[in-house]
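The values are calculated or read from the model by the stated rules, or taken from the named source; none is laboratory data. Keep in mind that what you see is a predicted model, and the values were worked out from it rather than measured. Positions of Cβ are backbone-derived with ideal geometry, glycine not excepted, and every protein chain shown enters the neighbour counts.
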Amino acid sequence: MTTLRHVVALLVAGGRGNRFGGQVAKQFLPLAGRPLLAHAYAALSEHPSIDRVVVVIAPDQADRLVAAVGDVEWTAGGKTRRESVANGLALAETMGATHVLVHDAARPLLPSAVIDRLIGAMDGHEAATPVLPVADTLALAQHDLLGPVVPRDGLMRIQTPQAFAVPTLRAAHDAWPVDEDATDDAQMVRRLGVAVALVQGDAMLEKVTHPEDLAMAERRLEVEFRTATGFDVHRLEAGEELWLGGVRIPHDRGLSGHSDADVALHALTDAVLGTIAAGDIGTHFPPSDPQWRGAESGQFLRHAASLVAAKGGRITFVDLTILCEAPKIGPHRAAMVTRIAKLLDLTPDRVSIKATTTERLGFTGREEGIAAQAAATVRFSGTEA
């Protein structure tokens, strides 16, 4: 059974960025058009398992913080990272936090899956940190000469955010020598004798320390948009149900096809598949396969969306035009928008549905069938489709 939690994220952003150089602290430098810390703040504040976010900054950075992310909760940091976290922890305790996530603003690209893994680890542990295995050969330096190789078996690269039960992190900070700094909180908890769980980290979490690191983060955020179209036609026949856009519509005839013949969802499915060059609906759901006879077409659209997600894409907008003389689409448009938005996990304002006639021309004009054309836009960020 999962314990009820109140999770507060501490975004540590009070550094001066001395190693980075320049007049502006690196957490306020632009990354893909937004200040560096705004990326991490958005990832934390938008995650459903995090209740509140507190930014820890130097007192003279308050105006820059407001300019970067608005009027958000913050507290003043200390002279060292450890003191800054302690100040944030004290505020989190007054908020009734049961758990905290401590994250460095210098790691702006925070995948939600890492947060999921950390929160999951709290079911059986008091502390957890994301890690990545060491891939490079490690060696000691002897002045300016290569020294002995250091075995890398078992070595891990430690990342943030790190998750803690509040009493555990409080005990670690209280026990830590006042004249000793700590580069992260997991080592403080471990010195206390508490086991720290390891979860899979992510290469996106690389720390921005030098100007070339910022350039690398820019490249990771490179965005590609793809738009593809779909088109489908089905015949109107007596004795069939009429399904359009995932909604059953009363009519004297319905569309004929191997599945429920929802011409609108079929066109949308082809458009979504087109964004990843994955063929068409018949490739994935052959009409010759009896298991799809009478099938609900929403599952075809969900399948196409899952293939896009597996490629690292996110559907951002769909547009659908239905061509028919009858029935009238207007009375059913809102229900179609709601259904398609639910199928694609979109907000309704990202689903456009229009209808038109062909001025009594062609098979749609003669009311022999209904056609639909669709377009889908997919966003790929830092991935290869």
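If the condition is being surrounded by fewer than 19 Cβ atoms within 10 Å (Cβ to Cβ) and of a type in the set (A, V, I, L, M), then segment 260-290 contributes Ala277, Ala278.
For (1) assigned to a helix (DSSP H, G or I); (2) assigned by TED's automatic domain parsing to the domain that holds Met204; (3) hydrophobic (A, V, I, L, M, F, W, C), each residue gets a yes or a no:
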{"residue": "Ala261", "(1), (2), (3)": "no, no, yes"}
{"residue": "Leu268", "(1), (2), (3)": "yes, no, yes"}
{"residue": "Ala271", "(1), (2), (3)": "yes, no, yes"}
{"residue": "Gly282", "(1), (2), (3)": "yes, no, no"}
{"residue": "Arg302", "(1), (2), (3)": "yes, no, no"}
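Residues are listed down the side, and each one gets a yes or a no for (1) at positive phi; (2) touching a strand residue (DSSP E or B) at 6+ places or on another chain (Cβ under 8 Å); (3) assigned to a strand (DSSP E or B); (4) surrounded by fewer than 16 Cβ atoms within 10 Å (Cβ to Cβ):
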position: Ala135; (1), (2), (3), (4): no, no, no, yes
position: Ala141; (1), (2), (3), (4): no, yes, yes, yes
position: Val189; (1), (2), (3), (4): no, yes, no, no
position: Glu212; (1), (2), (3), (4): no, no, no, yes
position: Arg219; (1), (2), (3), (4): no, no, no, yes
position: Thr227; (1), (2), (3), (4): no, yes, yes, yes
position: Gly230; (1), (2), (3), (4): no, yes, yes, no
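When Gly230 is tested against (1) touching a Lys or Arg at 6+ places or on another chain (Cβ under 8 Å); (2) not assigned by TED's automatic domain parsing to the domain that holds Gly88, only condition (1) is not met.
Here Thr338, Thr358, Thr321 are screened, and the one residue that is surrounded by fewer than 16 Cβ atoms within 10 Å (Cβ to Cβ), assigned by TED's automatic domain parsing to the domain that holds Ala264 and outside any helix (DSSP H, G or I) is Thr358.
Remark: pairs (first residue in segment 138-163, farther than 29 Å from His103 by Cβ; second residue modelled with pLDDT under 95 and of a type in the set (Ser, Thr, Tyr); Cβ separation under 9 Å; 6+ apart in sequence or on different chains) = Val149/Thr137. Of everything in segment 83-111, what is among the aliphatic types (A, V, I, L, M) and not in a helix (DSSP H, G or I)? Give them in sequence order. Answer for segment 83-111, where residues must be among the aliphatic types (A, V, I, L, M) and not in a helix (DSSP H, G or I): Met95, Ala97, Val100, Leu101, Val102, Ala105, Ala106, Leu109, Leu110. Scan segment 45-65 and tell me whether some residue there is under 29 Å from Arg314 (Cα atoms), in a helix (DSSP H, G or I) and in the same structural domain as Glu206 (by TED's automatic domain parsing). The answer is yes; a qualifying residue exists. Report the residue count in segment 361-385 for those that are over 30 Å from Met216 (Cα atoms), not hydrophobic (A, V, I, L, M, F, W, C) and not in a loop (DSSP other than H, G, I, E, B). Summing the residues that are over 30 Å from Met216 (Cα atoms), not hydrophobic (A, V, I, L, M, F, W, C) and not in a loop (DSSP other than H, G, I, E, B) in segment 361-385 gives 5. Taken together, the criteria exclude Arg293 from residues that are closer than 22 Å to Glu241 by Cβ and either surrounded by 13 or more Cβ atoms within 10 Å (Cβ to Cβ) or not assigned by TED's automatic domain parsing to the domain that holds Val233 (or both). Taking segment 165-187 as the range and being surrounded by fewer than 15 Cβ atoms within 10 Å (Cβ to Cβ) and under 23 Å from Ala106 (Cα atoms) as the test, the residues that pass are Glu180, Asp181, Thr183.
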